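One structure below.
The values are calculated or read from the model by the stated rules, or taken from the named source; none is laboratory data. Computed from a predicted structure; not experimentally measured. Neighbour counts run over all protein chains shown; Cβ positions are idealised from the backbone, glycine included. Ligands, DNA and RNA are stripped out before the accessible areas are found, and what is left, the full protein with its side chains, is counted by its heavy atoms. Shrake-Rupley method; radii C 1.70, N 1.55, O 1.52, S 1.80 Å.
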Amino acid sequence: MGYAMSRLEIESELFDGSKVTNEAGSSTRSNKPLHNVDHEIAQLTNLRSGPHERLRQLMPGKQQLPVSPVKMLAGREGNYSGRGRFSSADRCHMLSRYLPVNGPWLVDQMTSRAYVSQFSADGSLFVAGFQGSDIRIYNVDRGWKVQKNILAKSLRWTVTDTSLSPDQRYLVYASMSPIVHIVNVGSATTESLSKITEIHEGLDFSAADDGGYPFGIFSVKFSTDGRELVAGSNDNSIYVYDLEANKLSLRIVAHTADVNTVTFADESGNLIYSGSDDSLCKVWDRRCFIAKDTPAGVLMGHLEGITFLDSRGDGRYFISNGKDQTIKLWDIRKMSSNTSCNVGFRSYEWDYRWMDYPPQARDLKHPCDQSVATYKGHSVLRTLIRCYFSPEYSTGQKYIYTGSHDSCVYIYDVVSNRSPSCGTQAPYITGKRL
């Protein structure tokens, strides 16, 4: 590279104030922030996804704009960071600017609806569960080739959830049954049929004191170390299963309605987050149960039931998708010990399974909202629509992305809280990943 480049004198049209390129999508909505997110998570996110400070200082008056790839490469050559290479934050700064906007293209088509789907932690695999008993694992790096085709055993209604183990060797799947099945997905066999080509071991989540009630499981997740499973059910409970001991280790009667979603908060496995149709998010600390079925804290803010939770993995922040058509960002340090706040009675009848969200409810706010930020624009109807933080390794968890009833994927900027960017309609499984 020439002297001019090493001195960072090359300008990009991205930084001409009248020609700022929106690389996060083709949305024509205003980019004006709705409101700034809590200072601490903004700082943490910027540290993970922002370029080296010296590169920003070389552009007076334009610090709010991203640093161009040309300047980043020139800065690396000039060793402005003092490391002689890109840091993980530098890499995230470059990669996070290029979000998936092309497509979608058809990867596969089944005879029944896809109910759940998710990438593996490293983005190399994609798991999709269908209402007709099929669970397919696609190898993204090999052109979306089907790596495993699993025929679910003893299915009731649909595959409600799946979870890959941290080492990507095992997959568990749940349905409206207390039995969760575990499959070895690392085997050479592509077709996985229970008791024919492979064993789908059944893990019984029934507790001795549940009276034999045939409950169903909506959500199941591996712990970070792969030794435990946590599950949420339609009997208002949270279950923890010890895989090493091969037995149920904990049951919590956690909510007053279906527990639609649960997840471990971090790698310690001590904290569990749960979300329910009672509209509450709860935090459970397994180290200090003060009283039976008593949470460490409660977080209020949603006006309708919660469909999904995703942890940031730091034991502090998580997001939730709600039937009130919002995603909320939470800091568990803001949780309370009770739910004494009176939300009041709603003046409308509504069921998200077959009705549109009432227009008069869209501007309602919870009087005791404890969330850090709220993201609106997508549609949560008909099914338990999911939301996730974008990958840490490529974006520094700078974004939140969610499915939507309108067949779009919406992407929100965590820090700026900008209006959503909506991807192209995706009625089938599509080759999009962050």
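Taking region 80-92 only, how many residues are assigned to a loop (DSSP other than H, G, I, E, B) and open to solvent by 70 Å² or more (accessible area, probe 1.4 Å)? Spell out the reasoning first.
Let us first name the residues in region 80-92 that are assigned to a loop (DSSP other than H, G, I, E, B), namely 80-87.
Then drop every residue that is not open to solvent by 70 Å² or more (accessible area, probe 1.4 Å), which leaves 83, 85.
Number of matching residues: 2.
Could you tell me whether region 113-120 includes any residue that is under 17 Å from Arg386 (Cβ atoms), among the small types (Gly, Ala, Ser) and touching a helix residue (DSSP H, G or I) at 6+ places or on another chain (Cβ under 9 Å)?
Yes: region 113-120 contains one or more residues that are under 17 Å from Arg386 (Cβ atoms), among the small types (Gly, Ala, Ser) and touching a helix residue (DSSP H, G or I) at 6+ places or on another chain (Cβ under 9 Å).
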- [ ] Please note which strands (runs of 3 or more DSSP E) are completely contained in region 276-372 and include at least 2 residues that are of a type in the set (Ser, Thr, Tyr) and either within 20 Å of the chain's Cα centre (by Cα) or at pLDDT 95 or above (or both).
- [x] 306-311, 317-322
Task: Scan of region 93-146 for residues that are free of Cβ contacts under 8 Å to residues at least 12 places away in the same chain, under 27 Å from Val220 (Cβ atoms) and assigned to a loop (DSSP other than H, G, I, E, B), ordered by number - done: none
TODO: Give me the pairs, please: first residue somewhere in region 313-340 and touching a residue at least 40 places away in the same chain (Cβ under 8 Å) and over 21 Å from Asn260 (Cβ atoms), second residue anywhere and open to solvent by 10 Å² or more (accessible area, probe 1.4 Å) and part of a loop (DSSP other than H, G, I, E, B), beta-carbon distance under 8 Å, and either six or more positions apart or on two chains.
DONE: Asp314/Asp266; Gly315/Asp266; Gly315/Ser268; Asp331/Asp38; Asp331/Arg316; Asp331/Val372
Task: Output for region 121-160, where each listed residue is more than 18 Å from Ala174 (Cβ to Cβ) and open to solvent by less than 50 Å² (accessible area, probe 1.4 Å) - done: Gly123, Ser124, Leu125, Phe126, Tyr138, Asn139, Val140, Trp144, Val146, Asn149
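Take the residues in region 394-410 that are small (Gly, Ala, Ser) and farther than 25 Å from Gly50 by Cβ; name whichever of them is modelled with the lowest pLDDT.
So in region 394-410, the residues small (Gly, Ala, Ser) come out as 394, 396, 403-404, 407.
After this cut, where a residue has to be farther than 25 Å from Gly50 by Cβ as well, the list is 403-404, 407.
Values: Gly403: 95, Ser404: 96, Ser407: 91.
Result: Ser407.
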Task: Scope region 270-282; condition out of contact with any Lys or Arg (no Cβ under 7 Å at 6 or more places or on another chain) and open to solvent by 10 Å² or more (accessible area, probe 1.4 Å); matching residues - done: Leu271, Asp277, Asp278, Ser279, Leu280, Lys282
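Check region 377-393 and report whether any residue there is outside any loop (DSSP other than H, G, I, E, B), modelled with pLDDT of 95 or more and open to solvent by 20 Å² or more (accessible area, probe 1.4 Å).
Yes: one or more hits.
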Open item on the list: Which pairs turn up if I take residues in region 208-221 that are modelled with pLDDT under 95 and look for partners that are small (Gly, Ala, Ser) and in a strand (DSSP E or B) with beta carbon separation below 6 Å, at least 6 apart in sequence or on another chain?
Closed with: Phe215/Ser233
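This table checks each residue for (1) open to solvent by less than 10 Å² (accessible area, probe 1.4 Å); (2) aliphatic (A, V, I, L, M).
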{"site": "Trp284", "(1), (2)": "yes, no"}
{"site": "Leu309", "(1), (2)": "yes, yes"}
{"site": "Ser320", "(1), (2)": "yes, no"}
{"site": "Lys323", "(1), (2)": "no, no"}
{"site": "Arg333", "(1), (2)": "no, no"}
{"site": "Val343", "(1), (2)": "no, yes"}
{"site": "Ser347", "(1), (2)": "no, no"}
{"site": "Asp351", "(1), (2)": "no, no"}
Open item on the list: Can you say whether Ser194 is open to solvent by less than 50 Å² (accessible area, probe 1.4 Å), farther than 26 Å from Thr224 by Cα and either in contact (Cβ under 8 Å) with a residue 40 or more places away in the chain or more than 25 Å from the chain's Cα centre (by Cα) (or both), as far as the supplied structure shows?
Closed with: yes
